[in-house]
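I have placed the structure first, in the form of structure tokens, so that the comments after it can refer back to it.
The values are calculated or read from the model by the stated rules, or taken from the named source; none is laboratory data. What you are looking at is a predicted structure, and each value in this text was computed from that prediction instead of being measured. Here the Cβ positions follow ideal geometry from the backbone for every residue, glycine too, while neighbour counts run over all protein chains shown.
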Amino acid sequence: MPNASDSDIDKVREIAGENNYAHVSELISGLTNGQWQRALELIDAWDTEYPAGESVGIQGGSRGIQYDPHTDAGLDIRNRMRLLLGLPEQRDSSITGESGGSFALRNEFVF
């Protein structure tokens, strides 16, 4: 059983994109020592990829939009952490705040 500190649990929560501290703590307690070591490696990779004060996103220019390479790396780390914890790879809409369904917008052009 891993011995995770409060800051470790918060970091795993941040990486996995989960809100519920108790739930993440419970998931961590179910990991084997080897799995916890892998989680610590993912935490290190996340901290290296996204040091405090850094931001991620896209870059725009006259040649169109270019994705920042850090964005893909961060998504990979997040997905690996989620799978390690036994969570679905994609975050649920209850976490992200996204709509659970689809919708359409009507466009009306007036000349």
Glu54 fails exactly one of the following numbered conditions: (1) of a type in the set (D, E, K, R); (2) assigned to a loop (DSSP other than H, G, I, E, B); (3) at pLDDT 95 or above. What is the number of that condition?
(3)
Filter segment 66-78 for residues that are buried (at least 17 other Cβ atoms within 10 Å of the Cβ) and not hydrophobic (A, V, I, L, M, F, W, C); which is modelled with the highest pLDDT?
Arg78
Would you pick out the residues in segment 1-36 that are surrounded by fewer than 14 Cβ atoms within 10 Å (Cβ to Cβ), under 17 Å from Asp47 (Cβ atoms) and small (Gly, Ala, Ser)?
Ser5, Ser7
Within segment 5-32, how many residues are of a type in the set (S, T, N, Q) and farther than 18 Å from Leu87 by Cα?
2
